[in-house]
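The values are calculated or read from the model by the stated rules, or taken from the named source; none is laboratory data. Since the model is a prediction, treat every value here as computed from it, not as a measurement. In this analysis, Cβ positions are derived from the backbone assuming ideal geometry, glycine residues included, and neighbour counts consider all displayed protein chains.
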């Protein structure tokens, strides 16, 4: 509602530049009516210039919950004085108490300090200038780029080890750890994009480019290595990984515990054997029923790689053409992984 590019944000920017200050409350009129004293009935469609002009008066301005209509101007609000507030200014204290009392959105704009404070329920947020948010987003993108390089490195290493049948628990957890670290940063950048509004399109495009296939890779690793690879168990593991605090992601033991194979129960050098979902899903034009059929029949990636072409072709939904695609696709993926490793 208040991101750059919206009518409300245009009005807020004008008010900040004019240093008039303002108190804006977005609420259901029936709920806030008992707090209102005096003021002017307006009931007009929202216009940035009208809202800006009305803010030249001292009282609060009331808008509907969606922020599409201005209902009242220059009103005095009298929330419950017993509601705790840490604010010292009259306008900010009123905004905080109103937001808490009726669980509504209230915005207090300081006349002297150019500070815009947003209250909604018990949440208090000071709005940063667009330049500051862009700087934060740019810093987060640079960090994400470094994390992406490391993620690609451990993912390529896992691919090579899978062909050598030399994967350990450490290798699997390293990929999951790096994927979750990236997704933590993605959440931070998503927050910046929301705050940037129309100014955040370029940041959003860069983000989409950097995280392509990260979630898919994580899901494929879970499907390959969890003891139970059913969709329900994979989803549970994803939820458990997402619930790990960002600081705790630095420890592989926490990552392992989340997916049920932590070092406390199993050593990090434990040999792991992939089922083959991850590699087969990298092959173009290979649909899920074929992948399921091949994995179910051969059991693991090594069995698929070593299987004669005729045995692959004999499977339901496969046939000789798809069997050749699988064999050639696995060879290409192996060669590509070797090239990526060599730089």
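When residue 142 is tested against (1) surrounded by 15 or more Cβ atoms within 10 Å (Cβ to Cβ); (2) closer than 30 Å to residue 217 by Cβ; (3) without any contact (Cβ under 8 Å) to a residue 12 or more places away in the chain, exactly one condition is not met: (1). Each residue in segment 121-137 was checked for being surrounded by fewer than 14 Cβ atoms within 10 Å (Cβ to Cβ), in contact with a helix residue (DSSP H, G or I) (Cβ under 8 Å, 6 or more places away or on another chain) and more than 30 Å from residue 85 (Cβ to Cβ), and 0 pass.
Just one residue in the set 173, 77, 161, 105 is touching a helix residue (DSSP H, G or I) at 6+ places or on another chain (Cβ under 8 Å) and assigned by TED's automatic domain parsing to the domain that holds residue 204; that residue is 173. For residue 19, the criteria (1) under 28 Å from residue 132 (Cα atoms); (2) surrounded by 13 or more Cβ atoms within 10 Å (Cβ to Cβ) hold in every case but one, which is (2). Taking segment 225-281 as the region of interest, the helices (runs of 4 or more DSSP H) fully inside it that hold 1 or more residues being more than 21 Å from the chain's Cα centre (by Cα) and under 30 Å from residue 312 (Cα atoms) are 231-242, 277-280.
Within segment 218-247, being surrounded by fewer than 14 Cβ atoms within 10 Å (Cβ to Cβ) and without any contact (Cβ under 8 Å) to a residue 60 or more places away in the chain holds for 227, 228, 230, 231, 232, 235, 239, 243, 245, 247.
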